[in-house]
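Novice: Let me give you the structure first, and then I'll get to my questions.
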Amino acid sequence: MQIFRHTENLPVGARGSAVAIGNFDGIHRGHQGVIGEAGRIAHDQGIPWSVLTFEPHPRSLFKPTDEAFRLTPFRTKARHIEELGVDNLIVLHFDKDFSAQTAEDFITRVLINDLAARHVVSGYDFVFGNNRAGNCDLLLHRGKEEGFDFTCVSAIDDGDKVYSSTRVRKFLHAGDARGAAAVLGRAYEIEGRVEHGDQRGRTIGTPTANVHLDEYLCPAFGVYAIRAGLDEEDGSHWYDGVANLGLRPTFDGKGVVLEAHLFDFDGDLYGRHLRVAFIEHLRDEKKFDGIDALKAQIADDCDAARRILAAGKG
């Protein structure tokens, strides 16, 4: 997959495509349906398959003081889009000037002049342009005028509720990792560079890899059964494990940290890129009376995580 951070002077392989357009935070089953529809059209017509999205998430511009909101920062979003088989990912910088352009101008400059889009695909609730004036009706109308086709993908649901990023966030805030996974179509992940911590885990026999959340939404604090992926030259290698997400109250910790303990791994993780997939919430975070009580609980957590993860592979 090629990634472009502009639309000017695109190569032939990125023009004249079937392009799915949206924020696509989470790349959940609904987003996959929109992107997949563009892929079906591209395959049928023998044209490139593209995704057009925006960075950073518009919410960071309009509500900069809100708590971290994103499910998939750019690196994560790009990886999930590439896994779908997309040819081109076009990423437009979303800032004050960009948000001020009218929906009509966006269609003319980006979709028609720069992309020469043959077919545009969006979700039913996609809005764009200054004051969110652009929508599916406008895209359909302008497409008929300018010669590009448009498909509005209806809501995709599980037979009861629509797949949405909002549902994923609600599940994660409640600590329901399995509920979030059902909407996403995969386990929810947090990824980042492993940073140096206070190394207390080593002193009690459970060394941990510390990852800070940065721009990620923060799931419910507590202990989770996880799978942790390490990037290698031949792809990601996955290990079962257990992780604590929270403030480490037993040690009066400061700042939210994800501390992951990988089973059956012996090596140096500092500075390496780690993916942590949340499988199941085991318990809430709590403060213990001392190290012995904490060690006993960690042993129980590890046993519980091993059982859950082993059952999931059966």
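The values are calculated or read from the model by the stated rules, or taken from the named source; none is laboratory data. Just so it is clear, the structure is predicted and the values come from calculations on it, not from any experiment. All Cβ positions, glycine included, derive from the backbone under ideal geometry; neighbour counts span all protein chains shown.
Novice: Which ones in region 214-228 are within 16 Å of Lys77 (Cα to Cα) and crowded, with 17+ Cβ neighbours inside 10 Å?
Specialist: Tyr216, Leu217
Novice: Taking the condition of a type in the set (Lys, Arg), buried (at least 19 other Cβ atoms within 10 Å of the Cβ) and out of contact with any helix residue (DSSP H, G or I) (no Cβ under 7 Å at 6 or more places or on another chain), does Arg70 pass?
Specialist: Yes, satisfied.
Novice: β-branched (Val, Ile, Thr) and under 15 Å from the mean Cα position of the chain (by Cα), is that true of Ile41?
Specialist: Here the answer is no, as Ile41 does not meet what is asked.
Novice: Among the residues of region 1-47, what is the count of those that are among the polar types (S, T, N, Q) and in a strand (DSSP E or B)?
Specialist: Going through region 1-47 one residue at a time, the tally reaches 1.
Conditions (1) among the polar types (S, T, N, Q); (2) closer than 23 Å to Tyr163 by Cβ, marked per residue:
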| residue | (1), (2) |
| --- | --- |
| Phe4 | no, no |
| Glu8 | no, no |
| Ala18 | no, yes |
| Asn23 | yes, yes |
| Arg29 | no, yes |
| Ala38 | no, yes |
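Novice: Looking only at region 116-133, which residues are closer than 27 Å to His43 by Cβ and either in a strand (DSSP E or B) or out of contact with any Leu (no Cβ under 7 Å at 6 or more places or on another chain) (or both)?
Specialist: Result: Ala116, Arg118, His119, Val120, Val121, Ser122, Gly123, Tyr124, Asp125, Phe126, Phe128.
Novice: Does Thr53 satisfy the condition of being in contact (Cβ under 8 Å) with a residue 12 or more places away in the chain and part of a helix (DSSP H, G or I)?
Specialist: It is false that Thr53 is in contact (Cβ under 8 Å) with a residue 12 or more places away in the chain and part of a helix (DSSP H, G or I).
Novice: Right, here's the next one. Look at region 210-225 and say how many of its residues are part of a loop (DSSP other than H, G, I, E, B) and in contact with a helix residue (DSSP H, G or I) (Cβ under 9 Å, 6 or more places away or on another chain).
Specialist: Here the count works out to 5.
Novice: What are the pairs, 6+ residues apart or on separate chains, where a residue within region 62-84 that is at negative phi and in contact (Cβ under 8 Å) with a residue 24 or more places away in the chain has its Cβ under 7 Å from a residue that is polar (S, T, N, Q) and buried (at least 16 other Cβ atoms within 10 Å of the Cβ)?
Specialist: If the second residue must be polar (S, T, N, Q) and buried (at least 16 other Cβ atoms within 10 Å of the Cβ), the pairs left are Leu71/Ser165; His80/Thr72; Leu84/Gln32.
Novice: Only one of Arg59, Arg5, Arg109, Arg40 is out of contact with any strand residue (DSSP E or B) (no Cβ under 9 Å at 6 or more places or on another chain) and surrounded by fewer than 18 Cβ atoms within 10 Å (Cβ to Cβ). Can you tell me which?
Specialist: Going through Arg59, Arg5, Arg109, Arg40 in turn, the sole match is Arg109.
Novice: Could you please tell me which pairs satisfy a Cβ distance under 6 Å, a separation of 6+ or placement on different chains, a first residue in region 195-216 that is of a type in the set (D, E, K, R), and a second residue that is surrounded by fewer than 18 Cβ atoms within 10 Å (Cβ to Cβ) and at pLDDT 55 or above?
Specialist: Final answer for the pair search is Glu215/Ala68.
Novice: Within region 56-81, which residues are among the basic types (Lys, Arg) and not in a helix (DSSP H, G or I)?
Specialist: Selection gives Lys63, Arg70.
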